[in-house]
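Here the structure comes first, spelled out in structure tokens, and everything after it is commentary.
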Amino acid sequence: MNTTGCCPKFNPEGWDGQELHFKDKRFVKAATRSVMHVPMNMGSVFARVNKHIEDAGASDADRFIVLSQDISPWSSEHLFSVSKEVPGEEMAALSGNFVTKVFEGPYSQPRVWHEEMRQIARDRKSEPSDVYFFYTTCPKCAKPTERTMSSGSRR
């Protein structure tokens with residue numbers, strides 16, 4: 001369902017508490033600039049990467065996901081799942097076991113959610129190495145004070 005003409009409406013059913021297992025899953029790796037964790041050039045970076053993925057015929061439509069993590073207050077890393085190499089873009093492969101959790105709330109909460117994801121992994125008897133977020137809507141489609149995310153923690 002797409003009510004905004006941009007991002008499809010996120011249906012959280014089936015995402016909470018899922019386990020994902022990646023073995024050398026291919027991704028395009030891209031970085032965005034931030035100012036105190038607020039993205040500055042996300043729209044242009046995502047547009048460029050999506051165009052390159054489309055031009056290469058590398059869309060992983062049935063299993064498409066973009067994983068994001070803040071590297072610092074000044075930059076974020078984004079992994080776009082793809083079915084094959086994408087010329088002109090940096091490639092990465094991801095292997096590991098992930099657990100998911102759906103969060104909804106204000107933009108100030110990701111720091112809390114990050115720690116909650118780490119604890120969920122620990123409760124499953126695994127020390128998490130990375131926490132990624134999947135933003136279900138772009139900033140234009142999200143309400144100014146609300147964001148919905150699905151998060152995964154590599155165990």
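The values are calculated or read from the model by the stated rules, or taken from the named source; none is laboratory data. For clarity, every value in this text was computed on a predicted model and none was experimentally measured. Please note: Cβ atoms are built from the backbone with ideal geometry, for glycine as well, and neighbour counts cover all protein chains shown. Surface areas here come from the heavy atoms of the whole protein model, side chains and all, with no ligands, DNA or RNA. Shrake-Rupley method; radii C 1.70, N 1.55, O 1.52, S 1.80 Å.
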Spin-label model distance (nm) - Ala31 vs Ser108, 7 Å beyond Cα toward Cβ: 3.0
Glu54 accessible area, 1.4 Å probe, all protein chains in place, Å² to nearest 10: 140
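Which pairs in the list Lys29/Lys101; Lys51/Lys84; Lys51/Lys101; Lys9/Lys51 are over 20 Å apart, alpha-carbon to alpha-carbon? List each step's numbers first, then the result.
Numbers: Lys29/Lys101 23 Å; Lys51/Lys84 14 Å; Lys51/Lys101 29 Å; Lys9/Lys51 22 Å.
Pairs exceeding the cut-off: Lys29/Lys101; Lys51/Lys101; Lys9/Lys51.
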Solvent-accessible area, 1.4 Å probe, carbon plus sulfur percent, for segment 16-116: 52
For segment 1-88, convex hull of alpha carbons as volume per residue, Å³: 138
Point-charge dipole on Cβ atoms (K/R +1, D/E -1) for segment 1-83, about Cα centre, debye to 20: 280
Solvent-accessible surface (1.4 angstrom probe) belonging to Glu115, in square angstrom, nearest 10: 90
Segment 50-94-segment 10-30 distance, computed between alpha-carbon centres (Å): 13
Added length on full extension, which subtracts the Cα-Cα distance from 0.36 nm per residue, Ser126 to Ser83: 12.6 nm
Nitroxide proxy distance, nm - points 7 Å out along Cα→Cβ at Ala93 and His21: 1.8
Rounded accessible area per residue of segment 1-101, 1.4 Å, Å²: 60
